[in-house]
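Shown next, in structure tokens, is the structure this report addresses.
Readers should treat all values here as calculations from the given coordinates under stated rules, not as data from a laboratory. Just so we're clear, the structure is a prediction, and the values are computed from it rather than from any experiment. Note: ideal-geometry Cβ built from the backbone for every residue, glycine included; neighbour counts use all protein chains shown.
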Amino acid sequence: MIRSTPLLAVQLADALRGTFRARAPASTEVSAELLESARVSGVEALLRRRMPAAGRDAERYQMLEEALRERRLAALFAALEAHRIRAATFKGWALSRLYPPGLRPVGDVDLAVHPDDEAHAQAVVAALPAAERPEVDLQSNLVRYLPDRSPSDLLARSAVHATASGPIRVLGAEDHLRLVCLHQLHHGGWRPLWLCDVAVLLESLPDGFSWAACLDGSRRRSEAVLACVGLAVEWLGAVPRVTPPAVNVPPWFRSAMAAAWERGFRRSPEPLLGIPLRRLAPALRARWPDPLSATLHLGAPLRWVPRFPVQLAELVRRAGRHALRRWRGTGVTPAAGAPA
């Protein structure tokens with residue numbers, strides 16, 4: 001990692017290196033600031049593996065959550081199967097099972113279903129007993145992350161994993177790795193856990209994994225996937241089970257990810273409409289898009305183009321989207337030729 005990146009990100013990446021493997025890493029001192037950052041970003045249990053005689057409360061809690069989520073997921077998939085509904089889970093439990101037990105928070109259940117089955121699936125989830133119903137984020141369209149994948153193809157390539165509680169279907173390895181990389185860029189890459197997920201997926205690739213299938217689709221999105229892969233190798237020491245194509249992480253990408261780790265969660269700001277002119281400059285700074293999500297959303301090239309015009313174009317795009325929503329909400333139609 002280049003040392004011009006924010007110090008906290010450098011320290012966190014160094015401390016997280018290899019912590020996602022079954023063999024515990026060597027112990028070292030971890031500062032209170034680093035531990036607080038890890039607690040907020042979901043990697044506390046991973047970081048505590050570095051600490052001598054550290055408490056394991058987070059790890060024990062996440063082990064219980066993982067077991068409970070597995071049982072509820074298996075029951076959910078049994079119910080969906082009984083209704084012949086095509087579905088597959090991703091992220092959350094599908095990732096936590098690849099870590100040593102208790103090292104990754106499970107979160108809610110992300111469930112991909114075919115658009116034709118969405119209403120039926122919602123009814124099946126609602127009919128489950130409240131005590132056994134997982135918190136489900138039902139998604140019939142993964143266009144935010146995988147606009148170059150059809151729901152039918154995603155479900156056809158999914159795979160069933162046997163568990164002690166019953167079978168659970170997960171997105172195919174090629175689609176899952178692509179989604180996990182692009183998901184973190186969609187959200188600005190602020191959570192270090194997401195890069196750990198990429199590292200764990202790389203070291204868990206199944207036999208027969210195809211990089212050609214993973215990178216099939218939008219060339220620029222595929223370049224972004226490879227940049228995330230390269231960063232997981234460089235920062236976290238990931239050793240891909242199947243060697244990826246040559247990767248060259250752009251310097252701005254590395255710096256932007258480090259800055260996102262340093263900044264942490266950033267709430268989506270309100271639109272600029274109605275803000276007094278005297279407050280416009282700080283309002284623009286608060287709304288200035290991060291380079292990772294701006295590049296992804298605009299489909300901009302990762303190389304040869306400065307990030308400033310990309311971020312500026314993304315700011316204009318977002319402003320236009322807010323304006324269009326306002327027009328629709330008030331029933332006013334933009335005049336012919338008016339900018340969107």
query: How many of the residues making up the stretch 136-150 are in a loop (DSSP other than H, G, I, E, B) and in contact (Cβ under 8 Å) with a residue 12 or more places away in the chain?
result: 9
message: I want to confirm something. Restricting to the stretch 126-140 and keeping residues that are farther than 30 Å from Val43 by Cβ and either in contact with a helix residue (DSSP H, G or I) (Cβ under 8 Å, 6 or more places away or on another chain) or polar (S, T, N, Q) (or both), which single residue is surrounded by the most Cβ atoms within 10 Å (Cβ to Cβ)?
response: Ser140
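Results for (1) assigned to a loop (DSSP other than H, G, I, E, B); (2) free of Cβ contacts under 8 Å to residues at least 60 places away in the same chain; (3) farther than 16 Å from Val225 by Cβ, shown as yes or no for each residue.
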{"site": "Glu118", "(1), (2), (3)": "no, yes, yes"}
{"site": "Gln122", "(1), (2), (3)": "no, yes, yes"}
{"site": "Pro134", "(1), (2), (3)": "yes, no, yes"}
{"site": "Ser152", "(1), (2), (3)": "no, yes, yes"}
{"site": "Val160", "(1), (2), (3)": "no, yes, yes"}
{"site": "His176", "(1), (2), (3)": "no, no, no"}
Residues located in the stretch 95-108, provided they are crowded, with 21+ Cβ neighbours inside 10 Å and either out of contact with any Asp or Glu (no Cβ under 8 Å at 6 or more places or on another chain) or part of a strand (DSSP E or B) (or both): Tyr99
- request: Just name the residue that is farthest from Leu16 (Cα to Cα) out of those in the stretch 26-61 that are more than 21 Å from the chain's Cα centre (by Cα) and of a type in the set (Ser, Thr, Tyr).
  value: Tyr61
message: Considering only residues that are in a helix (DSSP H, G or I) and over 13 Å from the mean Cα position of the chain (by Cα), which ones fall in the stretch 76-92?
response: Leu76, Phe77, Ala78, Ala79, Leu80, Glu81, Ala82
